[in-house]
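Notes for the one structure printed next.
The values are calculated or read from the model by the stated rules, or taken from the named source; none is laboratory data. Source: prediction; values computed, not measured. No Cβ is skipped: glycine too gets one built from the backbone with ideal geometry, and neighbour counts run over all protein chains shown.
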Amino acid sequence: MKYVVGLVLSLLLYACPPYRVNEVNNPIQNREKITLTDLVLKNLNLVSLSSDKTDSGRLKVILEMQNEKKKDIWTDIQITFLDSNNTEIERSSWESFNWERRAVKTYTKTALNDKAADYRVFIRKIR
């Protein structure tokens, strides 16, 4: 009897048809230049976020943030560079960065590809 019940339950679980994944028409990555992925980072305040072209024509991102907390906050930062069609052409690796307590610090990153026209910044708590 146990085997029959187990067989029926396994058929019910594995016989489910595939389901369609929900589509998001306007994801946050398309609306915002910077995304903080952890609630713990609420003490980081954006001072300025800008971009500039280097002499060689590559896009340079300049991120300036202030840590309001009484202790240092270690984060990982990743920057995705996009071309003029909003297609990802380059993604940096996660880079550790220390936001010192009660201080304003600057993080910069330059694209390797000269076709980069736009960017997105992702910041998460260090893993």
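Remark: pairs (first residue in the range 36-52, of a type in the set (D, E, K, R); second residue surrounded by 15 or more Cβ atoms within 10 Å (Cβ to Cβ); Cβ separation under 9 Å; 6+ apart in sequence or on different chains) = ASP38/THR75; ASP38/ILE123; ASP38/ARG124; LYS42/LEU36; ASP52/LEU59; ASP52/LYS60; ASP52/VAL61. Taking first residues from the range 86-111 that are under 22 Å from SER56 (Cα atoms) and partners that are in a strand (DSSP E or B) and of a type in the set (Lys, Arg), the Cβ contacts under 8 Å between residues at least 6 apart in sequence or on separate chains come to SER92/LYS109; THR108/LYS60; LYS109/LYS60; THR110/LYS60; ALA111/LYS60. Taking LYS70, is it closer than 17 Å to ARG102 by Cα, basic (Lys, Arg) and exposed (fewer than 15 other Cβ atoms within 10 Å of the Cβ)? Yes; evaluated as a whole, the condition is true for this residue.
For LYS115, are the conditions met, namely being surrounded by fewer than 18 Cβ atoms within 10 Å (Cβ to Cβ), of a type outside the set (A, V, I, L, M) and in a loop (DSSP other than H, G, I, E, B)? Give the steps one after another, and end with the answer.
On the way: surrounded by fewer than 18 Cβ atoms within 10 Å (Cβ to Cβ): yes; of a type outside the set (A, V, I, L, M): yes; in a loop (DSSP other than H, G, I, E, B): yes.
For LYS115, the condition - surrounded by fewer than 18 Cβ atoms within 10 Å (Cβ to Cβ), of a type outside the set (A, V, I, L, M) and in a loop (DSSP other than H, G, I, E, B) - is met.
Among all residues of the range 50-67, there is at least one that is loosely packed, with under 14 Cβ neighbours inside 10 Å, at pLDDT below 95 and on the phi > 0 side of the Ramachandran plot.
Please verify whether the range 83-99 includes one or more residues that are part of a loop (DSSP other than H, G, I, E, B), closer than 19 Å to ASP38 by Cβ and of a type in the set (Ser, Thr, Tyr).
Within the range 83-99, one or more residues are part of a loop (DSSP other than H, G, I, E, B), closer than 19 Å to ASP38 by Cβ and of a type in the set (Ser, Thr, Tyr).
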